[in-house]
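Heads up: the structure comes next, in structure tokens.
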Amino acid sequence: MTTWVGRSIRRFEDPALVRGQGRFTADLPAARWVRFVRSPVASGLVERITPPAGSVCITHADLVGVRPIKPMLDRFDYVPIEQPLLAKACVRYVGDLVAAVLGTTAADAEDIADQVLLDITALQPVMDTPSALAEDAPVVHAGMSDNIVVRAQMCTPGHAQAWAAADRIIDCDIRSHRQSGQPIEARAAHAAWDSSGRVTLTCTAQMPHLMRTAIADLLDMPEADLRVVAPDVGGGFGQKMSLAPEYALVVWLARKFRTSIAWVEDRRENLMASFHSRDLAISVQGAFDAQARLVALSGDVLANVGAYAPYPNTAAVEPLMSFAELPGPYAVAEYACLARGVVTNTCASAPYRGVSRPALTLAMERLMDKAARSFGLLPEEIRRRNLVQQFPHTSPTGLIYDTASYRETMELALRVADLTRFRQRQVTARVEKRYLGVGIATFCERTGYGSPAFAARGMGVTPGWETVQLAMDPSGFVEARIGASPHGQGLRTTLAQIIADAVGIVPERVRIIHGDTDRTPYGWGTFASRSLVISGGACLIAAQQLHTRLCRVASIMLEAAEADIELRDGIARVAGTDRTIAIADIARASYHGAHRFAESPGLQETASYDPLGTFSNATHIAFVDVDVETCAVRIERFIVAEDAGRLINPMIVDGQIRGGVAQGIANALYEEIVYDEHGDILTTTLADFLMPTAHEIPPLEIHHLETLSDASIIGAKGLGEGGTIGAPAAVLNAINDALQPFGAELDAMPATPLRIHDALRAART
Amino acid sequence: MKPSSFTHHEVGSIDEAVAALARFSAEGGRILAGGQSLVPMMAFRLAQPTHLIDINRIPGLDRPRLEAGELVIPACVRHAGFHQQVIPGPLGDMLATVVRHIAHVPIRNRGTFCGSIAHADPSAEWPVVLVALDGVVVARGVAGTREIPAAAFFQGIMTTALAEHEMLTEIRLPNAAAGQRYGFCEHARRAGDYAQAIALAGWRISEGVIRQARLAIGGVEPTPRRLPAVEALLDGHAPNDALFSEVADAVAHCVTPMEDPQVSASLRRDLLRATTRRALQRACA
Ligand SMILES: Cc1cc2nc3c(=O)[nH]c(=O)nc-3n(C[C@H](O)[C@H](O)[C@H](O)COP(=O)(O)OP(=O)(O)OC[C@H]3O[C@@H](n4cnc5c(N)ncnc54)[C@H](O)[C@@H]3O)c2cc1C
């Protein structure tokens, strides 16, 4: 029975945050501040580092016994690469860490860093995949035979035959330019040494337990001597999931100088040296039969993964996820793909909300629109013929799609959109030289996957499961200690709703404890749209165990059969009678009168959950108005119809969708990290890296279906990334629809005015 | 992104400001007005002034006034002061239209009209207004006061005729007679961004034809400028769309557009053509 699940109760997180009472890493006072000296060149040999007289300046030579970061993938086609915490002999991108200086304030440290003289012999950098793959390209990592770090290839046995029998082949080459998932709060770390020899690292992290393991391994120290705390974290989007070498250095400095050391990254550092992502070129070819059904698909994925590999995901995450999930929601049986990850002299690429799926969805959705045009079908019609409709479905890469509603969500979005009317308006607008367009994107989002999925990737560190330690204290309040590490997702509220229903109390009596390795069980943190499904699943199991235990104790206290006890609204009742006892009284008795019951004392339950994974799905429809004189795009309307199974808190779900779509629109139209040909980064301020504001994001129309699948015990599927996945393809399809009268096509994102201008000029000539 | 260290001087009068400039300008002293351009540059360490001469507390500089047919804008009038008409009539209306394109409200609350002129960003709005109207810049140094005509003021990207030791004390704009019409248009990537092309047109209509046409552009070349040769195409003609398209083409052809990673010369030329035509149309609306 659900009383709390499904309700849009207000988030427990918000009162402190909106009153300015959040606690962030940068709020902590520190004895010393560190500033990192970063490489001004993309590729070079460090000859000499000359710090100003009297300063504390740490370089690679000082880091005796410290290991390099070396994420591992257990695959024959993966080449592991190393990243020393500070440059050893060479620098590999603009922003690479060269030295660390200490000051009494952040400004003081920056003054000192400005005076450190770097003598670096610049070498020819490789900046993009074509030049990195050239025969005579310099190798970014000495010892590698070329610049390819991962090369995955497959072909289903029936592919060639299906290809040969196809009615026609449609080509589509898309380009996703480099992005940065900007959090409001840039990265920050504060390490405090105490006299017991222990260090507490407070930092902006999505995976506190893994940060602790990783840093302890690098510095060769016992994990027990390190506590990692993630306080309020102002957004992560993946940037704070991967290990920051800076964090390990801050811990090293705190141990070395036996004091507290702080680092608060500035926006320039974040844009140049925090993780980038989505630098992908994907070519797809679809073989369609005469009924416009996709019978075989070929893909070629080239990912520019930057200079280093992020821990724990490795440099293979984007190419391999594209490789595994390219077919998306379409029922294609035959599949061939080559996916390569290529190192270059750019900032390392790491997962960013959506991870490669915004690009692969763009590829598939542009392919579908091009095919529709070729067959003379409407975009919605070709999708009807190709969406998976029978579940479970096994994709050609072996992924199992659980019960979902690919077709139904699209039809729901189409009903809301009323395209017949829009298309009439589009025609009349063209007469007045206004160019309107509509674009559809359908996709499925793999979420909530446990260790089997990560093991299949061959990850040296195999994440997946989550553990929850649940305790009801003598006052009848529940504390749930979780290994997930929310940073804006509202888990303190949604998990409390799940636990409240399962135990029979109000959510206000549930406290979720997270983000502190001293207070929570080992877990994998928050990423990959997993926390509600997996940590929520573990919470449900533990809460059901607690429920059973409370019923057993209540049955003794009420002298009734255990099966007759009902827990609700904080009360245990013998069903159908007025014999009751408060759950808080059962709790107190469980501790203070434990001798009365044949139970272990207290009320603690621990549970873990490690599911195979599930797929949520959605359709996005974007309506745009393209000003062909200025090449500006205005989004007139944006519809989302999504199905993420049971909605635990609809308001929080809609918030996730809104934020995701805003980032998707940003990817589609505005944000781009740009390097020049010398390897210098040109987008180091928010005046150059254009994040959309409230003016640029239209109001969203969000609609839900709730298909329950047994792949998730709480019934909810993950959806944290979906907004970013569908929006770029919907917007690009809409722009292409608007530009049809000019015969112009654009398959690159962001669709900046410059790219639209070029596309229009290319069409004219 | 923390500024390097500096000494902050709060001055109580223009005389004190000028004296402080005389003393510190040679070693990197600068006026601090609204701080909305200078402080970000200091955070990026693109500017590392050693002394800041803060004019915000000087009394009497925060209100525009009408004096002898001119709108006088002293050094501390904020952008936000123009949200409402500063004077009744077409000039006040035009300024109230233009200001809505400058940054966002919090920035307009601090940034000053004169600071924007002194800063001379090629993509800023107020400099276009100044040259379109042939306003006057009043500068004071220890040696005295001088008046610099708008056409001679802007010399390059963030370079002006103002000497290092001079303070810009006020701007004078000729007031517009009733019947004066203005049309303004700019193109920016996002709401509140610096413009990538700006056009401001102005004229009177008498006997159905355009008289005393003015057309100034910004955001395209290192400095804003009036285009007298193009204005001549408007004068004496009845306003109509064909004429505006012809003028917009002429404008697009007479500029040498700046390039940056976001805007090629060719796109910028097209942006200018579109903004010019729209500004001309708006002057008729
Ligand atoms: C996010 C953002 C967006 C912006 N967008 C726009 C925009 O779209 N359009 C636009 O026009 N501007 C924009 N600006 C800039 C803003 O308008 C500034 O306020 C303006 O450029 C400078 O005015 P200020 O009073 O802030 O000057 P300050 O920043 O204090 O000074 C700027 C420079 O002028 C000098 N200076 C200032 N006053 C005087 C004086 N009286 N005498 C001599 N020298 C002086 C200073 O020494 C300094 O070199 C933006 C700013 C930000 C932060």
Review point. Does A:MET221 count as open to solvent by 10 Å² or more (accessible area, probe 1.4 Å) and either outside the structural domain of A:MET368 (by TED's automatic domain parsing) or within 18 Å of the chain's Cα centre (by Cα) (or both)?
Key: yes
Check your understanding: Restricting to the range A:734-758, what's the tally of residues that are among the aliphatic types (A, V, I, L, M) and open to solvent by 10 Å² or more (accessible area, probe 1.4 Å)?
Key -> 3
Check your understanding: Here is a list of conditions, (1) more than 25 Å from B:ALA124 (Cβ to Cβ); (2) within 14 Å of another protein chain (Cβ to nearest Cβ); (3) of a type outside the set (S, T, N, Q); (4) within 14 Å of the ligand (Cβ to nearest atom), and B:VAL39 meets all of them except one; can you say which number that is?
Key -> (1)
Revision key, fill the gap. Among B:ALA229, B:ALA238, B:ALA191, the single one that is within 30 Å of B:ILE31 (Cα to Cα) and open to solvent by 10 Å² or more (accessible area, probe 1.4 Å) is B:ALA191
Check your understanding: Is it the case that the range B:25-32 has a residue that's at negative phi, at pLDDT 95 or above, within 8 Å of the ligand (Cβ to nearest atom) and not in a strand (DSSP E or B)?
Key -> no
Point to revise | Test set (1) assigned to a helix (DSSP H, G or I); (2) open to solvent by less than 50 Å² (accessible area, probe 1.4 Å); (3) more than 16 Å from the ligand (Cβ to nearest atom); (4) within 14 Å of chain A (Cβ to nearest Cβ) - B:VAL247 fails condition number | key: (4)
Practice item. Would you be able to tell me the number of residues in the range B:144-173 that are under 11 Å from B:VAL18 (Cβ atoms) and open to solvent by 50 Å² or more (accessible area, probe 1.4 Å)? Key: 2
**Study point:** Cross-chain or 6+ apart pairs with Cβ under 7 Å, the range A:87-112 first and at the interface with chain B (Cβ under 9 Å from one of its Cβ atoms), then of a type in the set (A, V, I, L, M) and assigned to a strand (DSSP E or B)
**Key:** A:ALA106/A:VAL264; A:ALA109/A:VAL34; A:ALA109/A:VAL101; A:ALA109/A:LEU102
Check your understanding: So is B:ASP62 within 23 Å of the chain's Cα centre (by Cα), within 13 Å of the ligand (Cβ to nearest atom) and either open to solvent by 70 Å² or more (accessible area, probe 1.4 Å) or at positive phi (or both) or not?
Key -> yes
Review point. Which of the residues that make up the range B:114-142 are of a type in the set (Gly, Ala, Ser), more than 10 Å from the ligand (Cβ to nearest atom) and either part of a helix (DSSP H, G or I) or without any contact (Cβ under 8 Å) to a residue 60 or more places away in the chain (or both)?
Key: B:ALA132, B:GLY135
Practice item. Collect the residues in the range A:72-105 that are within 20 Å of A:PRO245 (Cβ to Cβ), open to solvent by less than 40 Å² (accessible area, probe 1.4 Å) and modelled with pLDDT under 95, keeping them in residue-number order. Key: A:LEU73
Exercise for review: Taking A:GLU629 as meeting all but one of (1) touching a residue at least 60 places away in the same chain (Cβ under 8 Å); (2) in contact with a helix residue (DSSP H, G or I) (Cβ under 9 Å, 6 or more places away or on another chain), write down the number of the exception.
Suggested key: (1)
Practice item. Provide a single number: the residues in the range A:674-733 that are touching a residue at least 12 places away in the same chain (Cβ under 8 Å), within 14 Å of chain B (Cβ to nearest Cβ), assigned to a loop (DSSP other than H, G, I, E, B) and open to solvent by 10 Å² or more (accessible area, probe 1.4 Å). Key: 13
Review point. Any residue at all in the range B:257-279 that is part of a helix (DSSP H, G or I), away from chain A (no Cβ under 14 Å) and open to solvent by less than 50 Å² (accessible area, probe 1.4 Å)?
Key: no
**Study point:** Selection from the range A:139-159 of residues that are open to solvent by less than 70 Å² (accessible area, probe 1.4 Å) and over 15 Å from A:ILE81 (Cβ atoms)
**Key:** A:ALA152, A:MET154, A:THR156, A:GLY158, A:HIS159
Revision key, fill the gap. Within the range A:610-631, the count of residues that are more than 24 Å from A:THR394 (Cα to Cα), away from chain B (no Cβ under 14 Å) and of a type in the set (A, V, I, L, M, F, W, C) comes to 4
Check your understanding: In the range B:143-176, what residues are away from the ligand (no atom under 14 Å from the Cβ) and part of a loop (DSSP other than H, G, I, E, B)?
Key -> B:ALA143, B:ASN175, B:ALA176
Exercise for review: Look at B:GLU16 and say whether it is modelled with pLDDT of 95 or more and more than 8 Å from the ligand (Cβ to nearest atom).
Suggested key: yes
Point to revise | So A:ALA348, is it buried (at least 24 other Cβ atoms within 10 Å of the Cβ), of a type in the set (A, V, I, L, M, F, W, C) and within 18 Å of the chain's Cα centre (by Cα) | key: yes
Exercise for review: Looking only at the range A:362-370, decide whether some residue is at pLDDT 95 or above and closer than 23 Å to A:SER451 by Cβ.
Suggested key: no
Check your understanding: Only one of (1) surrounded by fewer than 18 Cβ atoms within 10 Å (Cβ to Cβ); (2) in contact (Cβ under 8 Å) with a residue 12 or more places away in the chain fails for A:GLU135. Which number is that?
Key -> (2)
Exercise for review: Look at the range B:93-113 and say how many of its residues are in contact with a strand residue (DSSP E or B) (Cβ under 9 Å, 6 or more places away or on another chain) and either surrounded by fewer than 22 Cβ atoms within 10 Å (Cβ to Cβ) or not in a helix (DSSP H, G or I) (or both).
Suggested key: 9
Check your understanding: Among the residues of the range A:362-371, is any open to solvent by 10 Å² or more (accessible area, probe 1.4 Å) and either among the β-branched types (Val, Ile, Thr) or not in a loop (DSSP other than H, G, I, E, B) (or both)?
Key -> yes
Practice item. Looking at (1) in a loop (DSSP other than H, G, I, E, B); (2) within 14 Å of another protein chain (Cβ to nearest Cβ); (3) not aromatic (Phe, Trp, Tyr), find the lone condition where A:ALA262 falls short. Key: (1)
Exercise for review: Inspect the range A:1-23 for any residue being modelled with pLDDT under 95 and touching a strand residue (DSSP E or B) at 6+ places or on another chain (Cβ under 9 Å) and give the result as yes or no.
Suggested key: yes
**Study point:** Residues located in the range A:456-487, provided they are open to solvent by 10 Å² or more (accessible area, probe 1.4 Å), under 21 Å from A:ALA214 (Cβ atoms), outside any strand (DSSP E or B) and at pLDDT 90 or above
**Key:** A:THR462, A:TRP465, A:PRO486, A:HIS487
Practice item. Output the qualifying pairs, or none if there are none: Cβ atoms under 8 angstrom, residues six or more apart or on different chains, first residue in the range A:467-491 and farther than 21 Å from A:GLN544 by Cβ and not assigned by TED's automatic domain parsing to the domain that holds A:GLY720, second residue in a loop (DSSP other than H, G, I, E, B) and polar (S, T, N, Q). Key: A:SER485/A:GLN206; A:SER485/A:THR526; A:PRO486/A:THR526; A:HIS487/A:THR204; A:HIS487/A:GLN206; A:HIS487/A:THR526; A:GLN489/A:THR526; A:GLY490/A:ASN649
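The values are calculated or read from the model by the stated rules, or taken from the named source; none is laboratory data. Being a predicted model, the structure only gives us computed values, none of them experimental. Every residue, glycine among them, receives a Cβ derived from its backbone with ideal geometry; neighbour counts consider all protein chains shown. Only protein heavy atoms, including side chains, enter the accessible area calculation; ligands, DNA and RNA are left aside. Shrake-Rupley method; radii C 1.70, N 1.55, O 1.52, S 1.80 Å.
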